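Taking it in order: structure first as structure tokens, then the write-up.
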Amino acid sequence: MNIDPEFVVSSHAQLRDIVGPVDEHIAAKSIDHIDQYCATFIDHAPFVLIASRAGDALLDISPKSDAPGFVSVLNENWLAILDRPGNARHDTYENIFADNAVALLFLIPGRNDTLRIAGRATLTEDPKPAEQFAIRGRVPTFVLLIEVHEAFMHCTKCGIRSGLWRPEAWPDTAAVPSLAEAYMADARISMPIDEMEAELRRDEKEELY
């Protein structure tokens, strides 16, 4: 893609010349700890996205989820996120060995506002914090500890514009390839599509915890 350099926005000053200064109330909403409002939001959130930086400097975003409360507020400066079975890539864990800076975005179904947190991550296999998260007798292998450096609530505009929680606003996905189709194409897997679909359904049923 050819990018016309004449129109490239390349500095803080240029950006602010275009959009204007940040409202003082918006600028002041960022805090360096988990207050009661953040803690309550986290306690009700079943879904969080975690951004981390890989060794090749590319960014990665990984979803984590479970019943509300799966992210534990240990105190105003620390969070604990349990590990559940996934695809075993463990991209987030691999990334923090090179750079342990992470950012989190918490979502609550039906709420258009979100919670943003930035901090530093440590991976532990200490069984003591993990045991409280056992399901069906299976204790998580790891717990990701987050030292919070910044936290703030994000406004509702993105949720409203997307219609994320309004089924009548959802797009028709009939033309979107299935996960099985994408896996087979990207990983160059040679097997009948129905076998791949069955394998994914089995994984969803038997490897959720």
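Structure notes:
- Of the accessible area of the chain, computed with a 1.4 Å probe over protein heavy atoms only, carbon and sulfur atoms account for 55 percent.
- Rounded accessible area per residue of the chain, 1.4 Å, Å²: 67 Å²
- Residues within the reach of a label modelled at residue 57 (point 7 angstrom out along Cα to beta-carbon, backbone nitrogen below 15 Å), restricted to the stretch 66-110, are 99.
- A full extension of the chain between residue 14 and residue 161 corresponds to an added length of 50.2 nm, given 0.36 nm per residue minus the alpha carbon distance.
- Anisotropy class of the stretch 50-209 from Cα gyration tensor, a/c 1.5 cut: oblate
- Lys/Arg +1, Asp/Glu -1 at C-beta; the chain dipole; positive extreme among 7, 46, 187: 46
- Among the protein heavy atoms, those of residue 89 account for about 150 Å² of accessible surface (1.4 Å probe, every chain in place).
- The solvent-accessible area of residue 173, taken with every protein chain present and a 1.4 Å probe, is close to 90 Å².
- When +1 charges are put on Lys and Arg Cβ atoms and -1 charges on Asp and Glu Cβ atoms, the dipole computed for the stretch 56-209 relative to its Cα centre reaches about 560 debye.
- Cα-projected label distance for residue 122 with residue 91, points at 7 Å along beta-carbon direction, nm: 2.6 nm
- The stretch 168-183 and the stretch 66-94 have Cα centres spaced 28 Å apart.
The values are calculated or read from the model by the stated rules, or taken from the named source; none is laboratory data. Please read all numbers here as calculations on a predicted model, not as lab measurements. In this analysis, Cβ positions are derived from the backbone assuming ideal geometry, glycine residues included, and neighbour counts consider all displayed protein chains. Protein only, heavy atoms only, side chains kept; ligands, DNA and RNA dropped before computing areas. Shrake-Rupley method; radii C 1.70, N 1.55, O 1.52, S 1.80 Å.
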